[in-house]
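Written below as structure tokens is the structure these notes are about.
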Amino acid sequence: MSPAVIQWASDWRVQALRLLGTGRIQQALWPMARANAGGDPWARATLGHMYALLGLGDSAERHEAAALSHLTQQSLGGDASAEAALACARAWAALREAATRPQQNNWQRAFQCVQDASTSPSPLAPHLWLALARGLREAGEAAQAARALQAALTAPGNTAQSDTAPGDTAQGDTDAALPAEVWAEVWTAEWALTALLTSESGSVTSEAGSADRPAQQHRQTPTPDAPGPDARALKALAALHRHATVGTLSELAEALEAVERVDLRRSCAFALAERLSVLGAHRAALAAMHAYPLFPRATGPRDWACRGILLRRQHHDPPALRDLDAALSDPDSLPPPLRVRVGLHRADLLYRQNRVPEALSGLREALPALLELTAPWQLAPDLAELTTLMQLAALEPDLSGWAELAYGAANRRGSAPAEASAGWTLDTLGQATLRRSGQPVPLRWPETSLLIAYLTLQGEVTRTQAELDLFPDLPPKLALALFRQALAELRTHFGPDAVRVGGPRRSPTYTLLVPVALDVQRPSAVAAAPGLFLPHLPHTGWVAERRTLHRLTDQHFVEQQTTKQAKQSLFKRRMDTDYI
């Protein structure tokens with residue numbers, strides 16, 4: 001092949017990789033196809049991956065198989081660039097397999113393939129490490145994802161570390177695959193989101209400060225174009241994790257429209273749907289979830305899992321259970337954190353249908369699996385939401401230990417015992433008592449303890465939703481007066497900044513920023529003293545719903561004690577008979 005054709009194909013590939021780096025995948029397909037037609041081995045290795053990013057699995061598999069076959073034949077002929085591109089093609093194939101079956105051994109194989117592909121300078125090396133970091137973060141391995149991002153920053157072929165000008169290198173050497181200003185933007189956004197999901201965000205953030213300096217030092221003049229869709233969506237997703245407000249929801253919804261990478265679209269849509277569901281906007285949540293596929297595709301286990309969790313929150317129990325069962329029909333295709341979430345929510349659905357033995361069986365699988373996760377604290381909101389289910393686990397002799405360990409791991413009790421002992425606690429079973437550092441704090445109004453429990457268990461809520469849940473039988477003006485009265489006493493004890501107010505002026509949202517430990521969230525405390533939830537308040541609205549769930553727990557406790565006494569009595573009669 002003539003040098004002119006090689007250079008022509010290389011120029012097309014460089015243009016395609018620049019577009020790919022910013023997330024404009026559909027625009028990158030045409031120049032990458034031109035480079036592939038010109039015989040560029042890096043383009044041949046990457047074309048299948050680009051189809052996979054768009055969610056077109058059949059096309060991705062077809063181009064991937066063709067690339068592996070062609071590059072293998074060329075490498076056997078002694079072509080060094082084809083051999084290096086073959087290693088990259090194998091890495092892309094391993095990454096796609098790990099994303100489809102997110103098991104630990106698949107990610108280990110993908111990591112090894114990416115490492116092998118990065119041993120020699122390659123324009124694909126930073127893209128490989130970035131893809132590995134994204135996949136690990138999706139699988140719940142945020143700490144490993146941070147290490148992959150560090151490797152991406154120093155990978156051969158990263159132009160943030162190289163002063164090589166575009167077009168000055170040969171086909172197999174480092175080229176300007178991703179401009180420095182674009183690289184810094186994408187890498188910083190990826191790192192910011194990964195740091196939020198790690199166990200020790202402070203240490204990761206400090207590393208990020210030092211790791212980000214090389215990228216900033218080599219940045220060229222800022223690009224006049226708007227931020228790429230990937231960077232914009234990642235920043236919006238990180239902002240939603242920090243502060244779930246109406247503004248961050250709107251920002252994420254707008255960013256989602258331009259995202260083309262299917263895994264990022266799914267992450268953004270699922271995060272948006274979960275937050276909308278927590279706020280009570282269930283129809284909007286389901287619409288956000290169903291709108292994420294860029295192209296028509298079959299519904300997969302991850303789609304069923306998210307839809308089942310959303311439907312469970314809407315109390316559509318039969319369809320929710322059907323979706324969760326469908327998700328667990330192929331458990332290996334679910335990331336470990338999502339698989340545990342599905343198991344917990346499915347057990348809660350079975351419990352709500354009074355299918356206690358099946359719920360206990362699901363708990364026996366989910367709780368040990370939760371303790372095996374590298375980031376169990378990511379499931380703390382789920383355990384807080386499923387407090388009644390955790391009470392059921394605490395009443396079972398073989399599950400009470402697992403329940404206590406899971407609660408401690410999810411809330412990181414072991415890492416900060418002093419902070420936990422010096423915080424706020426609220427007893428809701430029996431007599432409602434607010435405590436600070438173990439000392440009782442008197443409350444003037446009974447609605448204050450109700451509001452504290454409600455904000456702790458529900459998260460961010462609108463004022464209208466709170467009034468309807470807490471005071472459903474009262475006139476609107478009286479409900480608003482009681483809400484403001486309870487909120488004022490809450491701020492008197494917790495501080496003026498304890499509750500964050502957001503959203504529009506006519507329908508503000510409220511979020512409790514002070515952590516409060518409830519007795520209903522501690523399985524051991526519930527098992528030791530089960531009782532009526534907030535007994536001093538009327539049996540209406542949200543309180544009645546919580547009491548109904550607790551009554552089911554108490555019923556199971558009584559049945560368990562009756563069965564235990566019957567077994568002891570039978571054993572005693574047999575012993576007496578044998579003795580006679």
Problem set entry | Restricting the stretch 54-71 to residues that are surrounded by fewer than 24 Cβ atoms within 10 Å (Cβ to Cβ) and hydrophobic (A, V, I, L, M, F, W, C), the residue that is nearest to residue 267 (Cα to Cα) | 54
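Take the residues in the stretch 19-47 that are within 14 Å of residue 85 (Cβ to Cβ) and polar (S, T, N, Q); name whichever of them is least open to solvent (accessible area, probe 1.4 Å). If you could, list the steps in order and put the result at the bottom.
Within the stretch 19-47, the first condition is being within 14 Å of residue 85 (Cβ to Cβ), and the residues that meet it are 32, 35-36, 38-47.
The next check asks that each one be polar (S, T, N, Q); those that pass are 36, 46.
On the way: 36: 34, 46: 1 Å².
Only one residue fits best here, namely 46.
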Exercise. In the stretch 359-405, how many are farther than 15 Å from residue 349 by Cα, not in a helix (DSSP H, G or I) and not β-branched (Val, Ile, Thr)?
Worked result: 7
For this session: Collect the residues in the stretch 359-407 that are free of Cβ contacts under 8 Å to residues at least 40 places away in the same chain, open to solvent by 20 Å² or more (accessible area, probe 1.4 Å) and among the small types (Gly, Ala, Ser), keeping them in residue-number order.
Result: 361, 369, 380, 401
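Sort out for me the helices (runs of 4 or more DSSP H) sitting completely within the stretch 227-336 that have 2 or more residues that are modelled with pLDDT of 85 or more and not assigned by the TED database to the domain that holds residue 20. Working first, answer last.
Details: elements: 229-242, 246-258, 262-278, 282-290, 301-313, 317-328.
It comes to 229-242, 246-258, 262-278, 301-313, 317-328.
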Exercise. Of all residues in the stretch 87-123, how many are touching a Cys at 6+ places or on another chain (Cβ under 9 Å), closer than 16 Å to residue 51 by Cα and in contact (Cβ under 8 Å) with a residue 60 or more places away in the chain?
Worked result: 0
Exercise. Can you name the condition, by its number, that residue 402 falls short on among (1) over 23 Å from residue 262 (Cβ atoms); (2) at pLDDT 90 or above; (3) of a type in the set (Phe, Trp, Tyr)?
Worked result: (2)
Exercise. Taking helices (runs of 4 or more DSSP H) that do not extend beyond the stretch 442-540, which have at least 2 residues that are modelled with pLDDT of 80 or more and open to solvent by 30 Å² or more (accessible area, probe 1.4 Å)?
Worked result: 446-458, 463-470, 476-494
For this session: Please enumerate the residues belonging to the stretch 94-150 that are under 29 Å from residue 370 (Cβ atoms) and aromatic (Phe, Trp, Tyr).
Result: 107, 111
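The values are calculated or read from the model by the stated rules, or taken from the named source; none is laboratory data. This is a predicted model, so every value here is computed, not measured. Positions of Cβ are generated from backbone atoms using ideal geometry, with glycine treated the same way; all protein chains shown enter the neighbour counts. When the accessible area is computed, the model is the full protein with side chains, heavy atoms only, and any ligands, DNA or RNA have been set aside. Shrake-Rupley method; radii C 1.70, N 1.55, O 1.52, S 1.80 Å.
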